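Novice: One structure coming up, written as structure tokens, with questions to follow.
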Amino acid sequence: MKIVRTIAFALGFVATSAYAEAITPPHSIAVAGEATMYLPPDYATIELGVVTQAPLVGDALAENSARMTRVIAAIRALGIPDKDIHTSTFLIQPKYGKVEQGNYDTDQFRTIVGYYISNRVTVTVRNLTKIATIIDESVKAGANASGNVEFAIDSLTAHLDEARRKAIETAHHRAEVLTQAAHVSLGAALSITDNEANEYYSDEARGYNYYGNGAETVVVTGSRIPTPIEPGLISIVSRVTVVYAVH
């Protein structure tokens with residue numbers, strides 16, 4: 001019986017030790033890695049609009065349509081194909097007469113005194129040297145609304161993947177430096193978190209950074225001075241956190 005009890009105790013000790021090792025998390029180190037890639041844009045999108053107002057909706061629409069027709073014709077004349085021109089916004093909005101303070105009646109319809117119409121088109125441009133000319137010629141043709149110029153790149157997914165690889169390399173290098181300094185051995189990666197992967201427009205010369213595709217606002221005026229447009233660079237950013245085992 002003693003032998004049986006001794007063996008059973010020994011087996012129980014081994015099982016308990018193995019269980020303790022299984023539930024005890026290994027020593028680890030968490031490091032952050034970041035990578036930024038600067039790339040010139042491949043194309044741009046320009047939003048151009050026509051805004052008109054008139055007491056009668058028909059008059060406002062007629063003027064708006066005539067001006068937008070000239071704007072689109074001017075864009076086409078610069079070699080932009082129809083597939084790269086599309087209407088992004090069309091709005092008809094009534095304008096109401098002013099109500100004197102204290103005389104507002106919630107049950108009474110407000111008087112419509114006119115109409116506001118906005119028609120905007122978005123133009124995709126791959127020859128970036130044409131951007132300023134497109135804006136200037138559109139203004140001459142009748143565009144009078146503020147618009148945005150947004151720069152973008154092709155194959156965004158491939159560039160983001162490359163940035164992720166570089167971020168992982170940075171994190172691994174940091175882990176090696178830290179473990180060497182601490183006189184421990186670096187083990188396998190236990191977890192990887194993709195904290196952030198995005199793109200933003202960067203013009204470091206002027207100190208501007210815009211997240212997303214990064215829109216540069218262009219105020220469309222009647223000026224005949226050539227519109228200055230600088231594409232700048234698009235930054236592809238990846239940030240990761242990697243947890244490594246250490247021994």
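Here's the yes/no breakdown for (1) loosely packed, with under 15 Cβ neighbours inside 10 Å; (2) assigned to a loop (DSSP other than H, G, I, E, B); (3) at negative phi:
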position	(1), (2), (3)
Ile75	no, no, yes
Thr124	no, no, yes
Lys130	no, no, yes
Lys140	yes, no, yes
Phe151	no, no, yes
Asp154	yes, yes, yes
Lys166	no, no, yes
Gln180	yes, no, yes
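Novice: Can you report the number of residues in the stretch 115-154 which are in contact with a Phe, Trp or Tyr (Cβ under 9 Å, 6 or more places away or on another chain) and among the β-branched types (Val, Ile, Thr)?
Specialist: Number of matching residues: 4.
Novice: Only one of Arg120, Arg110 is touching a Gly at 6+ places or on another chain (Cβ under 8 Å) and without any contact (Cβ under 8 Å) to a residue 40 or more places away in the chain; which?
Specialist: On inspection, the qualifying residue turns out to be Arg110.
Novice: Please list, ordered by first then second residue, the pairs with beta carbon atoms under 6 Å, 6 or more apart or interchain, first in the stretch 170-199 and assigned by TED's automatic domain parsing to the domain that holds Ser238, second modelled with pLDDT of 90 or more and basic (Lys, Arg).
Specialist: Listed pairs, sorted by first residue: Asn195/Arg239; Glu196/Arg239.
The values are calculated or read from the model by the stated rules, or taken from the named source; none is laboratory data. This structure is a prediction, so every number in the text was calculated from the model and none was measured. All Cβ positions, glycine included, derive from the backbone under ideal geometry; neighbour counts span all protein chains shown.
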